[in-house]
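Student: Just passing along the structure, written as structure tokens.
The values are calculated or read from the model by the stated rules, or taken from the named source; none is laboratory data. If you're wondering where the values come from, they're calculated on a predicted model, not measured in any experiment. In this analysis, Cβ positions are derived from the backbone assuming ideal geometry, glycine residues included, and neighbour counts consider all displayed protein chains. Quick note on the areas: whole protein, heavy atoms, side chains included, nothing else; ligands and nucleic acids left out. Shrake-Rupley method; radii C 1.70, N 1.55, O 1.52, S 1.80 Å.
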Amino acid sequence: MLSRSSFTSLVVGVFAVYVAHTCWVMYGIVYTRPCPAAAEGGGGGGGGAGCVWPYLARRPKLQLSVYTTTRSSIGAESSIDLVLNVEDFDIESKFERTVNVSVPKKTRNNGTLYAYIFLHHAGILPWHDGKQVHVVSPLTTYMIPKPEEINLLTGESATQQIEAEKQTNALDEPVSHWRSRLTLNIMVEDFVFDGSSLPADVHRYMKMVQLGKTVHYLPILFIDQLSNRVKDLMVINRSTTELPLTVSYDKISLGKLRFWIHMQDAVYSLQQFGFSEKDADEVKGIFVDTNLYFLALTFFVAAFHLLFDFLAFKNDISFWKKKRSMIGMSTKAVLWRCFSTVVIFLFLLDEQTSLLVLVPAGIGAVIELWKVKKALKMTIKWQGLRPRIQFGTYNDSEKKTEEYDTQAMKYLSYLLYPLCIGGAGYSLLNVKYKSWYSWLINSFVNGVYAFGFLFMLPQLFVNYKMKSVAHLPWKAFTYKAFNTFIDDIFAFIITMPTSHRLACFRDDVVFLVYLYQRWLYPVDKSRVNEYGESYEEKPKKKAHRE
């Protein structure tokens, strides 16, 4: 059996290997080895056996055409509509244009519409150009519409209720939404590939042509699917005949193209594993809304957050698993932490928050429920199919701690309860909600976020009265502190409710107070530690006889 320190060292070692391996993989994606024979053949593609040369090096005159159709594959020109035509297309110049797209009846009836983007020689129709390249992208996606929020007290008129009932019946059915943005990229580097070791990620986007004795690859046209965000989606109504489409173009380097291809594949894999469109959208936001350097920082921050989360959970569980006494521990703080964690989890679930935030919150809620069982010394005995719950008894020292705890809660209740009740009443009168359940959860969670840190004060009060902090799980606290400061960074990266974002900064203040108490009350070896024992009580080892 591995000791705790050996297991922790093993986890940290695996983490270091994982980070190093990821850095090596990222380097392999960003850096592509050019064809070694290209230097011998010259820059015009006149030689270099086994090399694949860029067709754009010949500087052809190009034209960009965007068509729409309801078919996923086309066989005739008459079945598609031209929505954008850019003559004398300059691949080095970025642009953004908004066009109105006619929405066919089939699409308005919960159907699909596709965009065909062609890059071809100027003055030649795409179907007559043997060196054209094209990509296909759906302009619609299916999502369950967000339920309408109402004022719970004023209600609705009869007409509004009928419309709401119709809408409610169809809430569980995905409907067609319009993607209002189409982002195009072309790899403009005059890069010469080695034909024997073409990168698999780029290879599927390449189209080869034989020109004389050399092989050329046509322009690599790429659609940036990561830029399609949920916030840009529009519900397609049956009365809608035209919708706006913003087409933007920018050049892209080979390294960024390969990185973007891998990120799109990763997002697609998340959806295949059951992640919803909204969950995948949160991941997209991390990549799209940040530059590459900040993205690299985000990766390292997320990796360390995962490590500290694991170590905090491990040490927290180990601490409570060995806990035999509640001396110096605020039982009410444990109960409140459990209640607030469960409420926050239900709130995040009701808000359809990203799984990146929801899953850790759910795991934390389960652990807090288990800690309540330990704190109250609960035992569950089964009498047939009926469970019987029994509570343990406290000794005199634990009862003294409970008196301090009750005293702190008494003072807090004078301030906390009126604030929570007043906030709930104000939100009921002035804020719209989807249902009474939504209002109840929001009222609870607003109280937790706004005044929840007050419930951490009983533990500070107990520490003050006992003049000791030796009973606290400082290892778990340390890891949680690192995560608290990391959460401050994530608060600006991952989409989450504003109240949840502000709560991340609230925890910083509380931890600083704990650190002050740690400095103020030095460790007394005669006091009981977090496992219910003191150093002086430990049996002394027998002297070794020669």
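Student: Given the Cα-Cα distance of SER197 and LYS374 and 0.36 nm per residue of separation, how much length would full extension add, in nm?
Tutor: 57.8 nm
Student: Sort LEU270, LEU182 by heavy-atom solvent-accessible area, probe 1.4 angstrom, most to least.
Tutor: My answer, sorted largest first, is LEU270, LEU182.
Student: Let me ask something additional. With a point put 7 Å past each Cα toward its Cβ, work out how far GLN272 is from LEU335 in nm, to one decimal.
Tutor: It is 5.0 nm.
Student: Continuing with this model, one more query. For the range 178-253 and the range 358-388, compute the distance between their C-alpha centroids and round to whole Å.
Tutor: 52 Å
Student: On a 21 Å Cα-Cα criterion, which of the cross-link pairs LYS314/LYS374; LYS106/LYS284; LYS213/LYS251; LYS105/LYS231; LYS323/LYS371 come out too long?
Tutor: Check vs 21 Å cut-off fails for LYS106/LYS284; LYS213/LYS251; LYS105/LYS231.
Student: Now, a different point. Would you kindly state how much longer the chain becomes between THR241 and ALA122 on full extension, computed as 0.36 nm times their sequence separation minus their alpha carbon distance, in nm to one decimal?
Tutor: Taking 0.36 nm per residue and subtracting the Cα distance, the gain is 39.7 nm.
Student: Between HIS21 and SER318, what is the FRET efficiency for a Förster distance of 22 Å, r being their Cβ-Cβ separation, to the nearest 0.05?
Tutor: The pair HIS21/SER318 has a calculated efficiency of 0.15.
Student: For the pair GLN407 and GLN517, what calculated FRET efficiency results from E = 1/(1 + (r/R0)^6), where r is the Cβ-Cβ distance and R0 = 25 Å, to the nearest 0.05?
Tutor: After rounding, the FRET efficiency stands at 0.90.
Student: Hey, any idea what the orientation-averaged projected area of the convex hull of the range 371-439's Cα atoms comes to, in nm²?
Tutor: 8.2 nm²
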